[in-house]
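The values are calculated or read from the model by the stated rules, or taken from the named source; none is laboratory data. Note that the coordinates shown come from a computational prediction; the quantities given were computed from them, not determined experimentally. No Cβ is skipped: glycine too gets one built from the backbone with ideal geometry, and neighbour counts run over all protein chains shown. For accessibility, only protein heavy atoms count, side chains too; no ligands or nucleic acids. Shrake-Rupley method; radii C 1.70, N 1.55, O 1.52, S 1.80 Å.
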Amino acid sequence: MKTIKTEIVVLGAGPGGYTAAFYAADKGKKVIVVEQEKRLGGVCLNRGCIPSKAYLHAAKLITEAEESGFRGIHFAKPRIELDKMRAWKESILDRLAGGITGLAARRNVEVMHGRGYFEDSSTLRVESPAGQQFVTFEQAIIAVGSKAAMPRAFDLGNPRVMTSTEALEIEEIPKDLLVVGGGYIGMELGTVYATLGSSVVVVEALDAILTGADADLSRPVARRAEKMFREIRVKTKVVKMSTAGRQINVNLEVDGQKKEELYDRVLVSVGRVPNCADLGLDNTRVKQDEKGFITVDEHQRTDDPNIFAIGDVAGGVLLAHKAAKEARVAVEVITGEMSAFEDIIIPAVVFTDPELAWCGITEAEARQKGVNVEVAKFPWTASGRALSFDRTDGLTKLIIEPETERILGVGIVGAGAGELIGEGVVAIEMGATAKDLAESVHPHPTLSETLSECAEAFYGYATHTYSKKRAPADSAQ
Ligand code: FAD
């Protein structure tokens with residue numbers, strides 16, 4: 001049996017794991033990354049961020065073509081070749097994963113394919129079809145990610161009940177699709193299927209979809225989705241499912257009333273659970289919380305001094321860029337730098353149509369926590385750029401600290417909001433004031449102007465919208 005010694009072993013090669021491995025190697029460490037799958041990149045690359053965005057791009061093409069008639073531009077009904085579309089999606093994933101593999105090689109990061117299991121706090125056993133290997137390490141970074149939750153009552157062993165993983169394979173375009181869960185994954189994949197031709201019903205147990213965002217921002221998404229989908233039902237619970245021939249029989253509860261409906265397929269998108277089973281964590285001092293996520297401090301340290309955890313498996317917001325940031329923190333702590341995951345702005349983007357993005361504090365959160373804020377809004381009906389492509393269903397919003405005029409939060413709904421939110425992140429991280437944003441010249445005609453005009457609206461002098469002049473901060477009582 002072969003034993004290999006390394007300084008750092010990274011378990012899992014998703015956006016958290018490969019970022020950690022590359023950064024540690026860039027800092028001169030000897031690194032081995034262990035990944036059980038053939039293709040590197042984790043959920044994000046293989047069955048998350050990237051494939052979903054590829055399909056959403058295809059959906060956007062279809063929608064824009066469909067909606068161009070009033071401009072005097074007419075397209076025929078699209079002909080969808082699912083095999084070709086899947087192959088196109090796979091080609092994107094192959095290219096990206098190939099890039100990661102190449103970058104690992106250039107940095108001398110050793111990639112070991114196999115399943116990792118902790119024997120103790122300094123030994124990882126790696127199982128692969130080729131046999132068993134042992135890796136002894138000084139530090140380990142656990143980045144094994146998460147998987148879709150599948151409540152037992154829905155787990156029929158019937159491929160017509162899908163998680164996001166199967167849904168991204170688009171085996172067929174079901175006539176009737178039920179999406180359970182109105183979070184971002186359900187709404188994004190619902191958009192893809194509805195555009196391809198499915199009649200989509202989304203059910204959500206809470207009283208709204210996309211609950212993390214302010215209601216005035218999620219409203220335009222809900223409004224358009226209501227047109228695109230057959231129905232969005234809130235305060236609705238799926239109690240049970242059963243196979244009914246080639247369909248799925250779904251028992252629902254709406255306002256205490258029971259209902260039964262048939263669907264051709266069901267997408268269950270009700271959350272994610274950490275991949276902690278069968279990792280050998282009991283052989284270490286690593287602890288987990290009540291939901292199974294590994295508990296870490298602000299330095300990404302677990303309760304085992306040799307072991308760090310990052311990304312989805314460490315809980316918090318389950319997003320790729322949060323995993324990558326935690327990777328940097330863990331590596332910096334290992335290499336003796338002062339680093340902590342504290343007061344870091346993690347933007348959220350929902351790639352629906354229109355897109356929805358926010359960062360920093362939301363208005364609802366500020367009200368709930370009793371934080372005194374002022375809110376400035378700029379509707380996209382006043383944006384020349386938005387008008388030029390007929391998408392005025394947008395809103396840019398700043399959450400501002402009245403005394404200092406510092407920007408505490410930014411929220412945007414509208415086409416391309418996901419690209420625009422980066423400016424909000426920089427503004428908050430740099431401690432920018434609304435004045436900084438108002439005085440920075442933004443190019444015309446762009447949607448980025450909605451940010452500077454929103455800041456101008458805060459002072460009451462936005463050119464393309466009228467808002468009441470604000471009393472200077474020192475005269476406000
Ligand atoms: P993962 O990406 O889950 O990677 C973990 C890796 O560890 C996997 O490759 C796995 O095979 C490997 N592994 C697990 N156990 C072992 C073991 N014992 N031994 C060896 N290897 C192991 N996030 C965004 O930021 N933007 C988006 O637009 C977005 N869209 C998404 C869409 C969908 C449909 C889904 C499901 C997720 C989406 N996410 C998005 C979330 C994002 O994919 C995750 O937050 C991200 O992948 C987490 O990265 P990670 O490195 O923690 O883990």
#### Entry: Cα gyration tensor of the chain - equivalent ellipsoid semi-axes, whole Å, descending
38, 32, 22
### Descending principal axes extents, the range 370-423, alpha-carbon based, whole Å
38, 20, 17
#### Entry: Those lysines that a straight Cα-Cα span of less than 16 Å connects to Lys435, excepting residues fewer than 8 apart in one chain
Lys377, Lys397, Lys469
### Task
Mind putting together the pair-distance distribution for the range 152-270? All Cα pairs, 5 Å bins, whole percent per bin, short to long.
2, 12, 24, 25, 21, 11, 4, 1, 0
### Query
Hey, rough spin-label estimate for Asp289 and Gln132, points 7 angstrom out along Cα→Cβ, what's it come to in nanometres?
3.5
### Task
Could you tell me which GluC sites (Glu not before Pro) in the range 145-237 are loop residues by DSSP with no more than 16 other beta carbons within 10 angstrom of their beta carbon?
Glu169, Glu171, Glu172
#### Entry: Dipole moment magnitude, nearest 20 debye, the chain about Cα centre, only Lys, Arg, Asp, Glu C-beta charged
1140
### Task
Would you mind calculating the relative contact order of the chain from Cα pairs under 8 angstrom and at least 6 residues apart, reporting the percent as a whole number?
13
### Query
For the chain, which whole-number percentage of the solvent-accessible area (1.4 Å probe, protein heavy atoms only) is attributable to carbon and sulfur atoms?
51
### Task
Using the 4.7 Å Cβ rule, please list in number order the cysteines from the chain without any candidate partner.
Cys276, Cys359, Cys454
## Note on the structure
The set of residues whose placed amide H lies less than 5 Å from the amide H of Ser146, leaving out same-chain residues fewer than 5 positions away, is Asn275
### Query
Can you run phi through the Karplus equation (6.51, -1.76, 1.60; θ = phi - 60°) for the range 303-311 and list ³J(HN,Hα) in whole Hz, with x for Gly and Pro?
6, 9, x, 8, 10, 10, 9, 9, x
### Task
Measure out, as a whole number of angstrom, how far apart the alpha-carbon centroids of the range 140-193 and the range 264-311 sit.
21
### Query
Near Gly42, within a Cβ-to-Cβ distance under 12 Å, what is the net charge of the other residues, with Lys and Arg +1 and Asp and Glu -1?
0
### Message
Can you tell me the length gained on complete extension of the stretch Val273 to Glu81, counting 0.36 nm per residue apart and subtracting the Cα distance?
### Response
65.8 nm
### Task
Using only Cα atoms, locate the centre of the range 361-429 and the centre of the range 1-71, then give the distance between them in Å, rounded to an integer.
29
### Message
What distance in nm separates the two pseudo spin-label positions at Lys38 and Glu226, each 7 Å out from Cα along the beta-carbon direction?
### Response
4.7
### Message
In whole Hz and in residue order, list the ³J(HN,Hα) couplings for the range 464-469 that follow from phi through the Karplus curve 6.51 cos²θ - 1.76 cosθ + 1.60, θ = phi - 60°; x for Gly and Pro.
### Response
9, 8, 9, 9, 5, 5
### Task
Between beta-carbons, use under 14 Å as the cut-off and find the net charge around Ile361, counting Lys and Arg +1, Asp and Glu -1.
-3
### Query
Share of antiparallel DSSP beta bridges in the chain, in percent to the nearest 5?
60
### Task
Quantify how much of the Cα-Cα distance distribution of the range 354-459 extends past 17 Å, in percent.
46
### Query
Helix-derived [θ] at 222 nm for the chain: sum -39500 (n - 2.57) over DSSP H runs of at least 4, divide by residue count, nearest 500?
-9500 deg cm²/dmol
#### Entry: Computed lengthening from His464 to Asp120, 0.36 nm per intervening residue step minus Cα-Cα distance
117.5 nm
### Query
In the chain, with Lys and Arg counted as +1 and Asp and Glu as -1 at Cβ, which of these residues, Val192, Ala330, Tyr459, has the Cα nearest the positive end of the dipole, that is, farthest along it?
Val192
### Label-to-label distance, nm, for residues given as Asn251 and Val234 (7 Å Cα→Cβ offset)
2.7
### Summary
If R0 = 51 Å, then Thr243 and Leu103, at their Cβ-Cβ distance, give a FRET efficiency to the nearest 0.05 of 0.70
### Task
May I ask for the net charge around Glu423, where only other residues with Cβ less than 12 Å from the Cβ of Glu423 are counted and Lys, Arg are +1 while Asp, Glu are -1?
-4
### Query
Counting only complete DSSP H runs, which helices of the chain cover 24 Å or more along their long axis at the Cα atoms and score a mean Kyte-Doolittle of -1.0 or above?
49-66, 82-106
